[in-house]
Each structure stands twice: as C-alpha cells, then as structure tokens.
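Chemist: Right, I'll just put the structure down here and ask away after.
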Amino acid sequence: MDSSKYIFSGDRRSLLVNELESRKFDLVVIGGGITGAGIALDAATRGMSVALVEKSDFASGTSSRSTKLIHGGLRYLKNFEFKLVKTVGKERSIVYRNAPHLVIPEKMLLPITENGSYGKFGLKYGLKLYDRLAKVSASEKRIMLNPNETIAKEPLINKEGLKGSGYYSEYRTDDARLTLEVMKTAASKGALCLNYASCQELDIANDQITCTDELTGESFLVNTKLVVNAAGPWVDLVREKEGNVTGKRLHHTKGVHLVVPKSKFPIENSVYFDTDDGRMIFAIPRFKSTYIGTTDTNYEKDGSEKSLTEPGVTKADVTYLLTNCNKMFPTVNLQQSDITSSWSGLRPLIHEDGKSPSELSRKDEIFVSESGLISIAGGKLTGYRLMAKKVVDLVCETLEIQQECRTESVAIVGGDFEHLDKLDQYIRSLRARMNGYGLDGDETESLVRTFGKQCDLIIDKSRKFEADRLIQAVAWFCLRYEQVNTLADFYVRRTGYLYFYPERIEKTIDLVAAMFAEFLNWDKNRVEQEKKEIDQLLVSITNFADGEA
Ligand code: FAD
C-alpha cells in the first residue's frame, strides 16, 4: 500500500488527528526536522507503530537553514574529532546511495594562504586522512594544486599570498527536501506524521501527551508507550514540560547564509576559505545562485519559543560575510545590494563550559529523564540515519523489541535509481520530455534535484493544464503528496523559491493561491492573509536588523 498517498495529502488532516487519538503507539516523536524524520523512518522499518508531531511545518526549524552540505566535516579534524569524521564520512556515502537525486557531488577548493588555517603540509595530509576516514573512492580522492593551477580552476580567487590549494570531494543537498522525503519514506512504511501539531504537555507516567492542532486550535491526546524528544533548538523547552531540567543543556549558536546571483559571483566550484578571525566559510554555487556562509555566534536571546523560531540576520552578520568574501574574491566586490535572499538557523549544540561556538562539538547526545523521556540533540544533517539508529536501538531495548536497524539500504522516496548512471539518464530523458516547456538545462535538472523520480507524476499531470502548466502541476503534487498547509510551506520548503528563485513568486502566487484555496477550502480572508505572509517573507530575506552578529 502506498500509504504516503493517504498520509501526505493536506486535505486529510482530520482523519490523521482522529487516528492519532484513537490508537496507542509504541513511539511518539516530537519534532519534524531531519532527526525526528530519521527516527520515525527507522522505527517504522523495524515494525513499530510510530507517530510524529511537528509544531509548525516539517523542516521549518534548523533542517531548512543549514549550509546544505552532506559532508564529512573536514574542520572537525582540527578539533581532533577523528571518530566523528569517520562516522559522518561513512554516513555521507549511505545518504548518497539512498537519495542520489538529493545529494550532488560537489568539488570543494580550499585555498592555502599566508596565516590561513591550513599549511600546505597539514592540508595535504589532513585531506588524505579525511578521504581515508570517509572511505572516498580512488577517482574522488583529493589532489593538491599549486597557485597557478588553483587560479586556473577558480580565476576569481585572490592571487596575493596564495600558496596553492586542496581540491577534494563533498556533496551538496537540499536540507528541507531531504527531511521531507525521509518523512514521506517513513509514512510509506506506516509512520503517522502530522505537521502543525504541537506537543503541549507530557504525561510520561500515564503514557500520554497532549497536542494542539495549530490550524484549528483544538487539543487532542496521543497515547504512547515511549516519547522521543527530537525538537532541535527547542529540546530543552520540551524537557522543561516535565519540570526543571537538570544535567546537560543546549547551547545555541546562530549561523547565517547570504544568497547572491551567480552572474554576480560566478564561481565554478565550491570554495572553503579562511576568515580574518580564524574561522572558515563556504561559497557554494547552486544553479543560478551562489550562497555564502556561515557565521557561528552565540545566540543567547531569552530562549523562548519565539526567539528560537526566527533568529534573524543582522547588518553585522552581513558585513562579516561580505568583508571576508571580498578579501578572498577581491574583483567580485559584493555589496549588500547584491543580496537576493538570506536565512539564519540555530545549531542545537550541547553546552561545554569555556568553549567558543566553533569549538563546541557537533556530536549528538541522548538524555533520558527520570520518567523515561528520551531527548536527542546535537549532531548533523549528514549523520541523521546513525543518530536515529542509536535512538531506536534504545527504544527497542526499553520496549524489549528485538529488531535490527534496516535503514542502511532503504531508498528515500524519489531516489530509487538502480545506480547513479540511471539518474543521469533520467535527467537527460526529462530534458527531452520537457522540450517546449521553456526551461533551460539547469532548470530541468533542478526539478529532478527537487522531486527525483516523482517528476514523472508532475510532468504527466502538467499536460492537463494549459497555461503555466509546470507550476500548476508542482502545486497539485505538493497539495496531494506533501502535506502543504500554507503558501510558505510551498514557497520556502517544498520548492525553495524564497531563497533561490524569489522572482518566481510574484509571477506564480495568484495561480498557486487559487489552487490552494480550492483544495484546502480557504476563504478570501485566508488567501489575503497567506499572501501577506509571503510578502513579509520576501521583505525579510533582504532586510537586516541593526545590532550584533
Ligand atoms: P530541527 O530541524 O530544528 O527540528 C526540530 C523540530 O522540532 C522543529 O521543526 C520544531 O518546530 C519542532 N518542535 C519543537 N518543539 C516542538 C513541540 N513542542 N511539538 C512539536 N514539534 C516541536 N549539518 C550538516 O550535515 N551539513 C551542513 O552543511 C550543516 N550546516 C549547518 C549550518 C547551520 C547554520 C546550522 C545551524 C546547522 C548546520 N548543520 C549542518 C546541522 C544540521 O542542520 C542540524 O544538526 C539539523 O538540521 C538538526 O535537525 P533537528 O531535527 O535536530 O532540529
């Protein structure tokens, strides 16, 4: 049975809420980011009955605000976190195999400069170790380049003080899409996943949690044997629902990214380069854009729900990223006015006394409260499957279930290509099938990189529409198969238009809003309110607050 068909249709909420209320689950997961999605998938494939509740949209927290890399974490070598590099490196190859449409091999150039983080010798052997720990194939192993070879690869790099570079392999992804497809895969294995459903109260002793349907305001109870708190930056707030939190706590650090048109910053490879303050940042080309990031600063607002939802981008964040970028690429000379969008996210790291944001480990940790609430925090997008395995192993032990983890070989929805050549063939065939749609090669590839094999369904449907048939077919698909409830769900996390194609929003919003209104029974006021929210988002992505980074 293709249960995703049923579960992920936005007009079936009340059925899902009824089902949540009427059963007793083995496990309820709080939080619909990559961590929660991975746990739901792992538990469902081990035959458990599992539900997941997400207070806003799936991936609306940190899981849509990362650097969007599936990487082994080269910089962790500097902190001597060899084990982390090794495990994350292995996970990188598993995610690549299971979701090849969402994981794009990306060459990374790391320039060696005077006073930079890496010397020639250190980088040569650091990258060798990195490739070895991450079991990189022979054809993808790092090469070292001299200054002339570096400039030949990336002519925009500052030649002054350049001593050469390391050229190695990483992977780029779409974090929100990865989260959503993992969630849909979990649903196809029987997990019941609902967005806009927040956990308000925990009563672990009585096997119960209370949730609110954020779209109707109604409360409902869910019965469950165990609860896992995968609430990312909100993990401590969920823990506090049981009373005072003791022991380890979260330490939030903020990361900002800026997007500029690729025509303004036309690099061919991703570049990972030094900053003035001893950190490193990425510049990453992505179809028609290039994005730059990230900052890493302590985030110590009041820790309330609201302050964790939108950490915001300040002028100081922008100055920091642009100043460092312009030093490495002096002829590009980026200005604030070149920025077309931006995002900021919070890392839910584990606090360690006396450590600066960049020194804090990215390792994940599990906390179990006296009542038995299992909380997980830290970690990386790349390592989500392994984090899930650890949590579900613990769940199995607690519930005395003897089932091994199976997710190493579970293809993620949209990604069931027998081998990688088939993906390339698919992209080529789609280009031929979409002749006459007015898309260039990049735009067709980006469709496959968004929806994978589900493009077949979208293209077939598009033939039934007359004008603007592709966007209509995409909206049709997301409404029925991706649990979209708001225009922001569609434009921010399902299509990524807000960050990477904001200009497309104005052109399509009337059409899309009309389809949403019909499918989700919106009245005129709701349509206006939704459009207003999109207008505010469009302003916010280039509107930077005063204040510190
Ligand atoms: P989240 O994605 O935040 O999910 C938690 C969810 O819980 C949220 O959606 C929230 O709404 C929900 N929630 C909270 N409270 C409740 C409640 N009471 N009821 C119901 N739901 C609730 N990792 C990489 O591998 N590669 C990278 O390139 C990378 N870059 C990064 C760059 C930045 C700037 C940052 C901040 C992180 C980066 N990471 C990267 C790390 C990675 O993004 C995170 O580790 C990961 O996304 C965390 O996912 P999560 O599911 O734990 O948290």
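The values are calculated or read from the model by the stated rules, or taken from the named source; none is laboratory data. Here the structure is a predicted model, which is why all the values come from computation and not from measurement. Cβ coordinates were reconstructed from backbone atoms using ideal geometry, including for glycine residues, and neighbour counts include every protein chain displayed.
Chemist: Please enumerate the residues belonging to the stretch 108-136 that are crowded, with 19+ Cβ neighbours inside 10 Å, aliphatic (A, V, I, L, M) and more than 26 Å from the chain's Cα centre (by Cα).
Modeler: Once the filter is applied, which keeps residues that are crowded, with 19+ Cβ neighbours inside 10 Å, aliphatic (A, V, I, L, M) and more than 26 Å from the chain's Cα centre (by Cα), the stretch 108-136 yields Ile112, Leu123.
Chemist: Tell me which of these Ile284 doesn't satisfy, since it passes every other one: (1) over 24 Å from Glu548 (Cβ atoms); (2) within 16 Å of the ligand (Cβ to nearest atom); (3) assigned to a loop (DSSP other than H, G, I, E, B).
Modeler: The failed condition is (3).
Chemist: In the stretch 442-469, what residues are more than 21 Å from Gly415 (Cβ to Cβ) and of a type in the set (A, V, I, L, M, F, W, C)?
Modeler: Looking only at the stretch 442-469, we keep the residues that are more than 21 Å from Gly415 (Cβ to Cβ), and these are 462-469.
Once the filter is applied, which keeps residues that are more than 21 Å from Gly415 (Cβ to Cβ) and of a type in the set (A, V, I, L, M, F, W, C), the stretch 442-469 yields Phe465, Ala467.
Chemist: Given the conditions (1) of a type in the set (Asp, Glu); (2) in contact with a helix residue (DSSP H, G or I) (Cβ under 9 Å, 6 or more places away or on another chain); (3) assigned to a helix (DSSP H, G or I), which single one is not true for Asp424?
Modeler: (2)
Chemist: Right, another one. Among the residues of the stretch 54-64, write down those that are within 6 Å of the ligand (Cβ to nearest atom) and among the charged types (D, E, K, R).
Modeler: Glu54, Lys55, listed by residue number.
Chemist: Taking helices (runs of 4 or more DSSP H) that do not extend beyond the stretch 139-249, which have at least 3 residues that are touching a residue at least 40 places away in the same chain (Cβ under 8 Å), within 15 Å of the ligand (Cβ to nearest atom) and buried (at least 24 other Cβ atoms within 10 Å of the Cβ)? Break it down stepwise before answering.
Modeler: Numbers: elements: 147-153, 175-188, 235-240.
So the answer is 175-188.
Chemist: Does Leu215 satisfy being touching a Phe, Trp or Tyr at 6+ places or on another chain (Cβ under 7 Å) and not assigned by TED's automatic domain parsing to the domain that holds Leu52?
Modeler: Working: touching a Phe, Trp or Tyr at 6+ places or on another chain (Cβ under 7 Å): yes; not assigned by TED's automatic domain parsing to the domain that holds Leu52: no.
Here the answer is no, as Leu215 does not meet what is asked.
Chemist: Can you spot a residue in the stretch 312-326 that is buried (at least 20 other Cβ atoms within 10 Å of the Cβ), in a strand (DSSP E or B), touching a residue at least 40 places away in the same chain (Cβ under 8 Å) and not hydrophobic (A, V, I, L, M, F, W, C)?
Modeler: yes
Chemist: Oh, and also: Just checking, which of Ser375, Ser337, Ser344 is outside any loop (DSSP other than H, G, I, E, B), of a type in the set (S, T, N, Q) and touching a helix residue (DSSP H, G or I) at 6+ places or on another chain (Cβ under 6 Å)? Explain how you work it out, then say what you get.
Modeler: On the way: Ser337 fails: touching a helix residue (DSSP H, G or I) at 6+ places or on another chain (Cβ under 6 Å); Ser344 fails: touching a helix residue (DSSP H, G or I) at 6+ places or on another chain (Cβ under 6 Å).
When all the criteria are applied, what remains is Ser375.
Chemist: Moving on to the next point. Name every residue in the stretch 410-441 that is exposed (fewer than 13 other Cβ atoms within 10 Å of the Cβ) and touching a Lys or Arg at 6+ places or on another chain (Cβ under 8 Å), in order of residue number.
Modeler: Across the stretch 410-441, the qualifying residue is only Gly441.
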